[in-house]
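The values are calculated or read from the model by the stated rules, or taken from the named source; none is laboratory data. Remember, it's a predicted structure, so these values are computed and weren't measured experimentally. Because the Cβ atoms are built from the backbone with ideal geometry, glycine has one as well, and the counts that use them run over all protein chains shown.
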Amino acid sequence: MEELHNHTENAEKFKGALDENASIYQQREVKSGREQMAALHGKEKREFFGEYYGKKLLAAVVIVAVGLYFIYNYVTTQETALNILAVNASEEGNEEYEETYFSDFLEENGVDSSRYVVSANRSVNVDANSEDSFNTSSVETIVTLFTAQEVDLFFADNDFFLSMAALDYMENLEDCLTEEEIAALNEDDLVYVTVQESDDEYEMEEDPDSNAGKKILAGIRLSREEGWLKEMNWYPDGIDVIVGIPLSVKNEDLALTMFREILAYMETSHQ
């Protein structure tokens, strides 16, 4: 009790030492930012505006910018509907025709060409008979694309196509096309390959889709001088080009539809 009495007495002495109008006893007036700025002039007002509103405005601008960025990406980013790999092709091609053809192809098959594209990769070159480091790197790139299901249609010169088909990378087109479609083609255009058997017996037993040891229709030989390939202008004259569908095809329906269009060009040019 005595301790409490001493505290009270000390408080009374402290209070008595201050004037009744001291600022500590006055009720503070809380002003809004707008009211505070209204009481300032010139440079003080500009400095206050920058300090008080600057950070808020900056945060708002950043939020809006980030929102617009994501909206823009959503609206403008195009996804790939079909992946084409053309090995040892010209990187120039007929780009104007190619863009129009692919856009029309997608629309005709119910795919919005403003949201989806056909990707035609013509940047990979390889020599099937070379073993230098650059060539090995190119082959590894191609195998990686096949494994990652990034190839739906595959074009290549005769030697490299046959080497890929022999290693069991290509579909058997007899499982994709009708007997009538195959019969309509010139026999010389049909590319049959006997797939190499794996040395790994376990691998062969575990892969029911393997064509190892089988003779398959791996591709169709295209004429550079006429038809679809001439319009695209992907390969120079004199190159023997074959097209096929990889075993790892991801967009199979679209791939087969375009494959049939290529065959239709051939049939027209042979008439």
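For region 112-142, enumerate the residues that are touching a helix residue (DSSP H, G or I) at 6+ places or on another chain (Cβ under 8 Å), surrounded by fewer than 12 Cβ atoms within 10 Å (Cβ to Cβ) and among the acidic types (Asp, Glu).
If the condition is that a residue be touching a helix residue (DSSP H, G or I) at 6+ places or on another chain (Cβ under 8 Å), surrounded by fewer than 12 Cβ atoms within 10 Å (Cβ to Cβ) and among the acidic types (Asp, Glu), then ASP112 is the only one that fits.
I'm checking my understanding of the structure. Among residues of region 149-161 that are modelled with pLDDT under 95 and in a helix (DSSP H, G or I), which one is farthest from ALA120 (Cα to Cα)?
Looking at residues that are modelled with pLDDT under 95 and in a helix (DSSP H, G or I), I get ASP159.
Of the residues that sit in region 162-188 and are of a type in the set (A, V, I, L, M, F, W, C) and assigned to a helix (DSSP H, G or I), which one is nearest to the chain's Cα centre (by Cα)?
MET164
Out of everything in region 244-262 that is within 22 Å of GLU96 (Cα to Cα) and of a type in the set (A, V, I, L, M, F, W, C), what residue ends up being farthest from the chain's Cα centre (by Cα)?
Going through the qualifying residues, I end up with ILE262.
Considering (1) in contact (Cβ under 8 Å) with a residue 60 or more places away in the chain; (2) in a loop (DSSP other than H, G, I, E, B), say which one GLU131 fails and leave the rest.
Failed condition: (1).
Going through region 92-111 one residue at a time, which ones are surrounded by fewer than 12 Cβ atoms within 10 Å (Cβ to Cβ) and in contact (Cβ under 8 Å) with a residue 24 or more places away in the chain?
Scanning region 92-111 gives a single hit, GLU92.
Check whether at least one residue in region 214-222 is in a helix (DSSP H, G or I), surrounded by 16 or more Cβ atoms within 10 Å (Cβ to Cβ), touching a residue at least 12 places away in the same chain (Cβ under 8 Å) and touching a strand residue (DSSP E or B) at 6+ places or on another chain (Cβ under 9 Å), and report yes or no.
No, region 214-222 contains no residue that is in a helix (DSSP H, G or I), surrounded by 16 or more Cβ atoms within 10 Å (Cβ to Cβ), touching a residue at least 12 places away in the same chain (Cβ under 8 Å) and touching a strand residue (DSSP E or B) at 6+ places or on another chain (Cβ under 9 Å).
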